[in-house]
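See below for the structure under consideration.
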Amino acid sequence: MSEQSMPQSSHTSKNNGTSTVFAWIAAILVNAAFSVLLAWSLLNSWITGFTASVFYTVSIFWGAFRLKRSQRNESSNGNTVLTSVLFLLAVLSIGITTFIPV
């Protein structure tokens, strides 16, 4: 019995685009949820908010460096839009974290 190859349809590229859009929407919702959690903790106690903000900043940097390292194996330099957005978000988070105690 021979193996038949199925032709690629335009459905696969459409599904890939849809999953990309939903992934970006999920990332935005997760960051909004962390922002609300940070704002709530800052309203209760600035020490709790500062600790949560430091944890959030470290986790973003960890995720960005891990993503860059895993993509470096697949491509030449590992820089993608997602990696750049994560590093930008981490740098903005550093700015917010250092502004909290003031």
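Laid out as a table, the results:
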| quantity | calculated |
| --- | --- |
| Residues A27 and R66, FRET efficiency given R0 of 22 Å [Cβ-Cβ distance, rounded to 0.05] | 0.90 |
| Net length gained if the chain between N16 and W46 were fully extended (0.36 nm per residue, minus Cα distance) | 6.6 nm |
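Read the figures in this text as sums done on the coordinates, not as results from a lab. Quick caveat: nothing in here was measured; it's all calculated off a predicted structure. FYI the Cβ positions are ideal-geometry reconstructions off the backbone, even for glycines, and counts take in every protein chain you see.
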